1. Which length gain, in nm to one decimal place, applies between residue 111 and residue 51 when the Cα-Cα distance is subtracted from 0.36 nm times their residue separation?
2. Less than 12 Å Cβ to Cβ from residue 160, Lys/Arg counted +1 and Asp/Glu -1: what total charge do the surrounding residues give?
3. Compute, for region 80-150, the length of the dipole vector about the Cα centre, with Cβ point charges of +1 (Lys, Arg) and -1 (Asp, Glu) only. Units Debye, rounded to 20.
4. Check residue 139: other-chain or 5+ apart residues with amide H under 5 Å from its amide H, H built from backbone geometry?
5. Farthest toward the dipole's positive end in region 81-212, which of 212, 134, 169, given Cβ charges of +1 (Lys, Arg) and -1 (Asp, Glu) about the Cα centre?
6. Over region 83-233, with the other protein chains present, what is the accessible area per residue in square angstrom, probe 1.4 angstrom?
7. Give me the percent of accessible area attributable to carbon and sulfur for region 46-120, probe 1.4 angstrom.
8. For region 53-185, what is the charge dipole size about the Cα centre, in debye to the nearest 20, if Lys and Arg each add +1 at the Cβ and Asp and Glu each add -1 at the Cβ?
Amino acid sequence: MSRNRLGWLVAAVLLAVVVAVQVTTRDAARFVAQADIPTVAAGVDVLAGVAVVPLRIRGYDYRRDAFGDTWTDDTTAPGGHNGCDTRNDVLDRDLVEKTYVAIKRCPRAVATGTLRDPYTNAVVAFVRGNQIGASVQIDHIVPLALAWDLGARHWTDEMRVRFANDPANLLAVSGAANQDKGDQEPADWMPPNRAFWCQYAVAFIAVLRGYALPVDAPSATVLRDAAATCPHA
């Protein structure tokens, strides 16, 4: 990973601190994008400070447009107002072996590149222009519809736009894996690549904590078990 990419990640993280765990949200974003493995202190509850609710209650009133335009640069999230929309920022962060092209939404957009997909452990080629059923898509680690059901429906519009474009909650993944995940919570979906469960759980929990979102009890069990695969500090 380049120093520029690492520096961008550091700047792109929420300010919350993981309580009782030796990991910050800054680390969580780095662990996700770099596939580094975080360490967790032995004997602590990784969900300390995160409220647990019995179940996710689907309201069936979720609207994608409640979170603003799909991929915008007009956001208070880290990386906002830098001249490139969020999708192009994340592609540049997460892909390797890249070539670039200038487009309306970004003067230095990835034209071609390679994704080492953390969800499946597959190597996926990216070619700009293949938007329908794209081989590479940007996933919200904590899905927007899940966040909506867990309380985001009560946020301000600005907060929802920030959440939808926060790099700490975004990851370039294979399109097939992203479609398979949909808006499912961890109790119903975890990455097929079990070697990534530690990083996924740490990042998922960090986003919940950073935005004061609760977690459903079945998913809390899955996240704790996944975090238990992390090496001890």
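The values are calculated or read from the model by the stated rules, or taken from the named source; none is laboratory data. Quick caveat: nothing in here was measured; it's all calculated off a predicted structure. Note that we place each Cβ from the backbone using ideal geometry, even for glycine, and neighbour counts take in every protein chain shown. What goes into the accessible areas is simple: the full protein's heavy atoms, side chains included, and nothing from ligands, DNA or RNA. Shrake-Rupley method; radii C 1.70, N 1.55, O 1.52, S 1.80 Å.
1. 17.4 nm
2. Details: positive: 63, 64, 153, 162; negative: 65, 69, 157, 158, 166.
Around residue 160, the surrounding residues sum to -1.
3. Here the size comes out at about 340 debye.
4. For residue 139, the qualifying residues are 171, 172, 173.
5. Checking the options against the dipole of region 81-212, the answer is 134.
6. 39 Å²
7. Of the solvent-accessible surface of region 46-120, carbon and sulfur hold 54 percent.
8. Rounded to the nearest 20 debye, it is 180 debye.
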